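Visitor: Right, I'll just put the structure down here and ask away after.
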Amino acid sequence: MNIFSRIKPKNTSESVERHPEFGGVTFISSKRTRSLRLSVKPFIGLQVKLPWGFPKAKAWDFINEKAEWINSALQQARLTEAESVQFFTSNKKPSLKDIRIALVARLDELAVQFDFSYQKVSLRDQKSRWGSCSAQNNISLNQKLYFLPDDLRDYVLIHELAHTLQKNHGPNFWNILYTILGKRNTLDSRKALRDYEFLFHSPPF
């Protein structure tokens with residue numbers, strides 16, 4: 001072994017194996033992982049994260065023990081995949097420039113209308129969040145907000161603008177939204193957003 005080598009030791013390894021019922025299973029071994037974890041994601045399928053050196057046979061035993069949960073999660077993932085494919089093949093994808101222009105323009109309109117201010121805005125392709133607001137009042141927006149109905153898009157934008165005044169989700173934060181949108185509309189919008197979570201998972205084409 002060359003003690004002067006600049007090559008860093010490998011900290012993760014990934015492999016795909018077949019399960020007779022679940023299809024491809026992706027095993028991800030990592031020195032940072034402390035316990036065995038399963039996840040099912042649309043267009044990815046079953047993933048197993050395990051500590052470095054963890055016996056693969058025990059991981060397979062764990063998978064088989066969780067067969068009921070995995071089957072249920074895979075069924076939901078397939079529904080999400082179908083929704084995503086149907087939506088993204090039926091709707092023309094605009095350019096990132098057009099998305100940014102539309103979202104930032106609407107954010108500015110709402111900020112002026114309801115007397116909010118923020119520092120900077122950035123767009124990202126996030127996988128689980130519609131937006132966020134930093135301690136410095138920098139707002140990050142998910143590009144896929146563009147595809148939401150107007151009222152839900154406005155809800156998310158106002159939600160992030162409200163975080164420029166209240167960083168947590170305490171009573172004062174929700175009172176800001178209730179004052180602007182009304183309590184019923186706020187609660188309905190939160191619930192309705194769940195129907196569009198398939199947007200987080202774009203088809204791999």
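Visitor: How much length is gained if the chain between S134 and S117 is pulled fully straight, taking 0.36 nm per residue apart and subtracting their Cα-Cα distance, in nm to one decimal?
Guide: 4.8 nm
Visitor: Which aspartates and glutamates have a Cα lying under 20 Å from the Cα of K31, excluding residues fewer than 8 positions away in the same chain?
Guide: K31 reaches E14.
Visitor: Under Stokes-Einstein, with the Kirkwood radius over Cα pairs standing in for Rh, what whole-number D in µm²/s applies to the chain at 20 °C and 1.002 mPa s?
Guide: 106 µm²/s
Visitor: As a check on your grasp of the helix formula, calculate [θ] at 222 nm for the chain: sum -39500 (n - 2.57) over DSSP H runs of n ≥ 4, divide by the residue count, round to the nearest 500.
Guide: Calculated mean residue ellipticity at 222 nm is -14000 deg cm²/dmol.
Visitor: Suppose a student asked you for the relative contact order of the stretch 87-145, using Cα pairs under 8 Å spaced at least 6 residues apart; what percent would you report?
Guide: Answer for the stretch 87-145 is 30 percent.
Visitor: Give me the accessible area per residue for the stretch 58-205, probe 1.4 Å, as a whole number in Å².
Guide: 60 Å²
Visitor: Once you sort the root eigenvalues of the Cα gyration tensor of the stretch 24-102 as a ≥ b ≥ c, which label holds: rounded (a/c under 1.5), prolate (a/b larger than b/c) or oblate (the other case)?
Guide: In terms of gyration-tensor shape, oblate.
Visitor: Moving to a separate point now. Relative contact order for the stretch 1-124: what is it in percent, counting Cα pairs under 8 Å that are at least 6 residues apart?
Guide: Here the relative contact order equals 15 percent.
Visitor: Set the Förster radius R0 to 22 Å, insert the Cβ-Cβ distance between T33 and K66 as r into 1/(1 + (r/R0)^6), and round the FRET efficiency to 0.05.
Guide: 0.80
Visitor: In whole percent, how big is the carbon plus sulfur part of the accessible area of the stretch 98-205, probe 1.4 Å, protein atoms only?
Guide: With neighbouring chains kept in place, the figure for the stretch 98-205 is 47 percent.
Visitor: Then there is this: Go through 178-185, 11-18 and give me the packing order, highest mean Cβ count within 10 Å leading.
Guide: Packing proxy ranking, top to bottom: 178-185, 11-18.
Visitor: Right, here's the next one. Determine which lysines satisfy two conditions relative to K41: a Cα distance under 20 Å, and not lying fewer than 8 residues away in the same chain.
Guide: Partners found: K49, K66, K127, K144.
Visitor: Calculate the dipole size of the stretch 105-195 relative to its Cα centre from +1 charges on Lys and Arg beta carbons and -1 charges on Asp and Glu beta carbons; express the result in debye to the nearest 20.
Guide: Computed about the Cα centre, the dipole is about 400 debye.
Visitor: Residue separation times 0.36 nm, minus the C-alpha to C-alpha distance between L193 and N11: what's the value?
Guide: Contour length minus the Cα-Cα distance gives 61.8 nm.
Visitor: Give me the aspartates and glutamates in straight-line cross-link reach of K97: C-alpha distance below 14 Å, same-chain residues under 8 apart excluded.
Guide: Qualifying aspartates and glutamates at Cα under 14 Å: D125.
Visitor: Another one. Tell me whether the stretch 105-189 comes out rounded, prolate or oblate; compute the Cα gyration tensor, take square roots of the eigenvalues as a ≥ b ≥ c, and use a/c under 1.5 as the rounded threshold.
Guide: Since a/c stays below 1.5, the shape of the stretch 105-189 is classed as rounded.
Visitor: At 7 Å along the Cα-to-beta-carbon direction for both N185 and D125, put a label point, then send me their distance in nm to one decimal.
Guide: 3.3 nm
Visitor: Now, a different point. Per 0.36 nm of contour for each residue apart, how much would the distance between N175 and K92 grow if the chain were fully extended, relative to their Cα-Cα spacing?
Guide: Stretched fully, the N175-K92 segment lengthens by 26.1 nm.
The values are calculated or read from the model by the stated rules, or taken from the named source; none is laboratory data. All values reported here derive from a predicted model rather than from experimental measurement. Reconstructed Cβ throughout: ideal geometry from the backbone, glycine too, with neighbour counts over all protein chains shown. Surface areas here come from the heavy atoms of the whole protein model, side chains and all, with no ligands, DNA or RNA. Shrake-Rupley method; radii C 1.70, N 1.55, O 1.52, S 1.80 Å.
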